[in-house]
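Peer 1: If you scroll down you'll find the structure; I have some questions about it.
The values are calculated or read from the model by the stated rules, or taken from the named source; none is laboratory data. Predicted model, so just to flag it, every value in this text is computed and none were measured. Here the Cβ is made from the backbone with ideal geometry for all residues, glycine too, and neighbour counts use every protein chain on show. Remember, those area values only see protein heavy atoms, side chains included, never the ligands or the DNA or RNA. Shrake-Rupley method; radii C 1.70, N 1.55, O 1.52, S 1.80 Å.
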Amino acid sequence: MNAGKWPRHRPIDLAKREAILDAARDEFFMHGFAGASIETIASRSAVSKVTVYNRFKTKEALFTAMVQRECVMMGADFVSPEEAGGDLRDTLMIFGQAVIHFLTQPHIISFGRRIGAEAELRPEVGELFLNTGPRRMQRELTALLEASVANGKIRCHDCCLAAGHLFGLLCGFDMCMARFSTEEPDREKLCANVSDAVDRFLKAYGV
């Protein structure tokens, strides 16, 4: 009987989960990991604190789920290695535009500053963020490049290193300086640079 009832309740459960993650995103981005309040997250998502912990168990687990969802949303249009048979330039252009759009958002820049500061006192928070966000992106891009090598589209002996080269071409000094500047990065300039970055990357690694 319980199995028969589960499907009817599942959409509500999923809606609650998304509401919690939406509230968690706003709270973590605004206050960082240490300053984020589970009570506030529960209140903003219209659930009890017990409900939050029933679904995510710990603050760390909620943080991880939130960062994972943001990464999934950023890479929604990113082609997986299994689908890498299409045009590689188009795929890398989509990846580049998604990266720039995500990283140039003011709240993402602010969040990165807070996480960097907290990692000084709590290195595990920095590791949690790196494993859930940047390292995951690195693995996915590396896997795509490895699939492209297998398909004969590029030549590369170290796809992880090549992924770093592409990321550096995309972000350059602009994103580095944005972390310490009061001025917002020039998103239009960075987006326009994506085409040049991808073309230079393919020229270096193309067959």
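Peer 1: What is the number of the single condition among (1) surrounded by fewer than 19 Cβ atoms within 10 Å (Cβ to Cβ); (2) over 16 Å from ARG89 (Cβ atoms) that ARG200 does not meet?
Peer 2: Here ARG200 clears every test but (2).
Peer 1: How many residues does the stretch 129-149 hold that are assigned to a helix (DSSP H, G or I) and under 30 Å from PHE28 (Cα atoms)?
Peer 2: Here the count works out to 14.
Peer 1: Would you tally the residues in the stretch 173-190 being open to solvent by 40 Å² or more (accessible area, probe 1.4 Å), assigned to a helix (DSSP H, G or I) and in contact with a helix residue (DSSP H, G or I) (Cβ under 8 Å, 6 or more places away or on another chain)?
Peer 2: Total satisfying the criteria: 3.
Peer 1: Shifting gears a bit: Which numbered condition trips up ASP196, out of (1) charged (D, E, K, R); (2) assigned to a helix (DSSP H, G or I); (3) over 24 Å from ASP87 (Cβ atoms)?
Peer 2: (3)
Peer 1: Just a yes or no: is a residue in the stretch 150-158 open to solvent by less than 80 Å² (accessible area, probe 1.4 Å) and in a helix (DSSP H, G or I)?
Peer 2: Checked the stretch 150-158: no residue is open to solvent by less than 80 Å² (accessible area, probe 1.4 Å) and in a helix (DSSP H, G or I).
Peer 1: Kindly provide the set of residues from the stretch 159-168 that are more than 16 Å from the chain's Cα centre (by Cα) and open to solvent by less than 70 Å² (accessible area, probe 1.4 Å), ordered by number.
Peer 2: CYS159, CYS160, ALA162, LEU166, GLY168 - these are the residues of the stretch 159-168 that are more than 16 Å from the chain's Cα centre (by Cα) and open to solvent by less than 70 Å² (accessible area, probe 1.4 Å).
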